[in-house]
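Colleague: Shown below is the structure under consideration.
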Amino acid sequence: MTKHKQNPAHKKESRIYIRATAKEKAQLQVKAKASGMSLADYLINSGLNKKIANVTPAIDKSLYLELCRQGNNLNQLARLHDAQIAASNKSFQLHTDDRAMLEKIYNLLRQTLSQLQEKKVS
C-alpha cells in the first residue's frame, strides 16, 4: 500500500511538545473528536484562531420524541400548578401524587438528557 505524497510546502516537519493534566488531555481529545479532527489538527486550528466547527451527532429519533413527551407532561403539571395558585390566590401545596409524578418526570428527563449527552460524546 502506498502513501499519498504530500505537497512539500504543507509537510509537517516540526514537533511541538506540551504538558497537560490527564483531565485536560481528555477534554481536548473530546473536543477534537466532536470537531471531526485529530488532536494535533484541533490544537493547531485553535492556536491559529481558525474556526472550528462542531460536528452535530445524529440523534436517536425515539429518544428525542420521548424527551418531547416528558417535556409536555412537565409543562401540563406546571400550568396546573400555576392555575391553582391563581385561583386560590394563596400558597399551593402539591399533593403527594402530584409531587411523585413530578419527581418521576424529572428523573426521566435527567436520564434522557444523560443518554443524549452520551450519544453526543460517542
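The values are calculated or read from the model by the stated rules, or taken from the named source; none is laboratory data. For clarity, every value in this text was computed on a predicted model and none was experimentally measured. Glycine also receives a Cβ, built like all others from the backbone with ideal geometry; neighbour counts cover every protein chain displayed.
Colleague: Can you tell me which of (1) assigned to a helix (DSSP H, G or I); (2) modelled with pLDDT under 85; (3) within 27 Å of the chain's Cα centre (by Cα) is the one Leu43 doesn't meet?
Modeller: Going through the list (1) assigned to a helix (DSSP H, G or I); (2) modelled with pLDDT under 85; (3) within 27 Å of the chain's Cα centre (by Cα), Leu43 breaks only (2).
Colleague: In this structure, does Leu74 turn out to be more than 19 Å from Glu118 (Cβ to Cβ), at pLDDT 80 or above and touching a Phe, Trp or Tyr at 6+ places or on another chain (Cβ under 8 Å)?
Modeller: Criteria met by Leu74.
Colleague: Restricting attention to the stretch 80-122, which residues are farther than 30 Å from Lys31 by Cβ, among the basic types (Lys, Arg) and either modelled with pLDDT under 80 or loosely packed, with under 10 Cβ neighbours inside 10 Å (or both)?
Modeller: Step one: filter the stretch 80-122 for residues farther than 30 Å from Lys31 by Cβ, giving 80-105.
The next check asks that each one be among the basic types (Lys, Arg); those that pass are 90, 99, 104.
Across the stretch 80-122, the qualifying residues are Lys90, Arg99.
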